[in-house]
1. Considering only residues of the stretch A:35-62 that are closer than 22 Å to A:G83 by Cβ and small (G, A, S), which is modelled with the lowest pLDDT?
2. Enumerate the strands (runs of 3 or more DSSP E) found wholly within the stretch B:59-148, keeping only those where 1 or more residues are under 25 Å from B:T21 (Cα atoms), within 12 Å of another protein chain (Cβ to nearest Cβ) and among the hydroxyl-bearing types (S, T, Y).
3. Which condition number in (1) within 20 Å of B:K120 (Cβ to Cβ); (2) modelled with pLDDT of 95 or more; (3) part of a helix (DSSP H, G or I); (4) more than 7 Å from every other protein chain (Cβ to nearest Cβ) is the one that B:R31 fails?
4. Given the condition of a type in the set (F, W, Y), in a helix (DSSP H, G or I) and either out of contact with any His (no Cβ under 7 Å at 6 or more places or on another chain) or at pLDDT 95 or above (or both), answer yes or no: does some residue in the stretch A:405-428 qualify?
5. Is it true that some residue in the stretch A:19-28 is of a type in the set (G, A, S), within 16 Å of A:L159 (Cα to Cα) and more than 8 Å from chain B (Cβ to nearest Cβ)?
6. Take the residues of the stretch B:161-187 that are more than 13 Å from the chain's Cα centre (by Cα) and at pLDDT below 95: which is surrounded by the fewest Cβ atoms within 10 Å (Cβ to Cβ)?
7. Please count how many residues of the stretch A:34-58 are in a helix (DSSP H, G or I) and away from every other protein chain (no Cβ under 11 Å).
8. Taking the options A:S392, A:S385, name whichever one is under 26 Å from the mean Cα position of the chain (by Cα), over 30 Å from A:F243 (Cβ atoms) and modelled with pLDDT under 90.
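The values are calculated or read from the model by the stated rules, or taken from the named source; none is laboratory data. None of the values given here were measured: they were computed from a predicted structure. A quick note on method: Cβ atoms are made from the backbone with ideal geometry, for glycine too, and the neighbour counts reach across all protein chains shown.
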Number of protein chains: 2
Amino acid sequence: MSAAETTSQPAEIVVMKFGGTSVAGPEDLKRAAARIVAERERGSKVVAVLSARGKTTDDLVRQASEISDRPEPREMDMLLSTGERISCALCAMAITDLGHSAISLTGSQAGIVTDSSHTKARIIDVRADRIQAALDGDNIVLVAGFQGVSTDSKDVTTLGRGGSDTTAVALAAALQASVCEIYTDVAGVFSADPRIVPDARKLSVVSFEEMLEMSASGAKVLQLRSVEYARNYDIPIHCRSSFESGPGTLVVSENETMERPLVTAVAHSDQEARVTLAGVKNEPGMAGRIFTALADANVNVDVIIQNEPVSTTHGADLSFTVARDDLRQAVEAIEATGQNSDEILTDERIGKVSIIGAGMRSHPGVAAQVFRVLGEQGINIEMISTSPIKISCVISSDRVDDAVRALHESFGLGSESVHEEEPTGVHHRARVGQ
Amino acid sequence: MSAAETTSQPAEIVVMKFGGTSVAGPEDLKRAAARIVAERERGSKVVAVLSARGKTTDDLVRQASEISDRPEPREMDMLLSTGERISCALCAMAITDLGHSAISLTGSQAGIVTDSSHTKARIIDVRADRIQAALDGDNIVLVAGFQGVSTDSKDVTTLGRGGSDTTAVALAAALQASVCEIYTDVAGVFSADPRIVPDARKLSVVSFEEMLEMSASGAKVLQLRSVEYARNYDIPIHCRSSFESGPGTLVVSENETMERPLVTAVAHSDQEARVTLAGVKNEPGMAGRIFTALADANVNVDVIIQNEPVSTTHGADLSFTVARDDLRQAVEAIEATGQNSDEILTDERIGKVSIIGAGMRSHPGVAAQVFRVLGEQGINIEMISTSPIKISCVISSDRVDDAVRALHESFGLGSESVHEEEPTGVHHRARVGQ
């Protein structure tokens, strides 16, 4: 061994995550394997986290639905966790054929330790010794995403849909990886959904805070939890396309962001629903009781508005929005707490449009511009929610596309406005605002 | 708790194993679950070992073949082991719906510890603490068959096709179960394959020794290794149909066998091949070298014949039979040992017919009758192999059915001859002699 080799830097660790469409068919899977090998041949040590192939998870869910209407969560986890293992074993075979050593590990073998909340477990520890040993042994390591092992009962757990992103970021943090690359069927994070806004621009850099707001506002390119995890451990995320080369979008901590535009992107969601409790009883702790019940039912509440009670005899009206899929559960949870209000009203024709930008912290005029633009379009704003870097408006679901287009235009986010390359090609189906 | 309860016998443990066709469709799987629950409700503690559903394993093998021509054995095991896990998770759901507690365990979780021979691992220990704890907690336990965890590297291993039978028997031994019930799509062990011999008789009792010979002679109803394991630990096996009730065939140690007929069954195989080494060099240790190479290549050699060398210059001719699937591997293994003989000849049109019976130990005339019957049919006997309770004849594969029928008739094994109930119904596709 030469002196130059002994004094060389230890190889950087790169974590690469491939989503279900990126490993769907044999050619897709081999393409992912080739990407992984190329990264290894650049000198990095590589850990790749894979999702289940294409429709595998849907097929497993179907098998469960044929057996039981209410499958046991523990058994759902045992069932669903097989999908990612299949992807990893196959990818290890493909990598071996390309002349590199590879081993696949289950979430449990990879040291992903979680709590016992089956089907929605949270990672509480990553014991990466076995991965580290495999990397030291010159292996490429494939890790089954979306799953772990519960700390108490040693049962297989899953992290919920999209949990593979979180697996990847958690491993990147534990291994002190230089970057966590998330490969999907979109080329990065866009200034709006290009299916709605044809001149939407691929963003080169986004801050963790902006990405968090985007994920919370309906952008599906990255799972919210994985962005939180990356921010907490300061792991740069690189969102890239599996189907084409070239850089995607870097998600980094804010001080690394080159520019801080007033508004970065328009996100949207048309999968919202609103619950209104009319005439909530004027008792101390009532709101706490209601939202505790919703949290216990695992319902994420988004925008909340409470009107002042008009009199001491007539209670306030309390409205909040939830994901449409959670509506039934939300109503059942509230009803289970007893008679808290005169009436429970629901509205499933609710959408949300949000503008996000780190620069708006110091520019109070942004909200006014949003309201004016929507007003000019004749779009009624039903609820408003703001953070220092986000303004969300709850509107009728059938006006969401119009709102996205008008806001994108008004804030000059398009590629024509900023002279950047226009996204083209079939795989540029960006997910911001879906 | 009443005095009667405290002094009652501890519940017996029953191990039930369901093959792939027994859990193929949703209705099949629910039927298996109902069988398991019925056994539980009779008061037994139940451990059920399941195979992968229907074509699941074939589908996984296909996925691997789309990726690699020579998939890594370690990764094949990771891949294939998912099939049984799916069956177990789904069956646990079905049992829960029937009002009983059930948990599924992987081979690793169930404590099936194996060596590291991927795709053909051998069980070296069964650490059944977790199963025992689950049974004590009033659970029905579903165990993924065919798989374990390697003792050194903690990798997922598989026991080879049909390994679920071995899983079931090994668990029955470790748990001191009263019986290991093997549920398949056939009603039991028959005196011959009913597809060839319409009046073949379902046997009510067979000894381990007879069953070993039958499994080794082509009967597929039970895997050879599982019968060996059952004999070593004296675990009664009950071969039954998943699709109908009523007793099947009990496989027990010989002293429990009620009757000891001269001949119990005719078994056959038409999946054989013969290798002949013509003019084997006359060197000490030559045969040892050849068969060591075959064993190292994991080729099971069946019948072996060596002619005396006709002169000191011309070597002996050495012939042996192998499973037809292993032929290529066998020839490659021999060629790799160097130039041992003048020529290597192969014959893929080879079949085997065997008669098995514990009673023939004390009746030397059986072999003569076999040869006479085959001679009367004009069937040429190419090789002969005997044990105290078995006579096998290697014959042309296209005469196997004729040989089975003639021997079955000659030894009076049919249901008409012995006045037992004739097997009927679509599921009576017995496997002896396949």
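1. Checked the stretch A:35-62; the qualifying residue modelled with the lowest pLDDT is A:G54.
2. B:102-105
3. (1)
4. No, there is no match, as no residue in the stretch A:405-428 is of a type in the set (F, W, Y), in a helix (DSSP H, G or I) and either out of contact with any His (no Cβ under 7 Å at 6 or more places or on another chain) or at pLDDT 95 or above (or both).
5. Step one: of the stretch A:19-28, the residues of a type in the set (G, A, S) are A:19-20, A:22, A:24-25.
Filter once more, keeping what is within 16 Å of A:L159 (Cα to Cα): A:19-20.
With more than 8 Å from chain B (Cβ to nearest Cβ) added as a condition, the list becomes A:19-20.
Yes, the stretch A:19-28 contains a residue that is of a type in the set (G, A, S), within 16 Å of A:L159 (Cα to Cα) and more than 8 Å from chain B (Cβ to nearest Cβ).
6. B:D185
7. 10
8. Every option except A:S385 fails the conditions.
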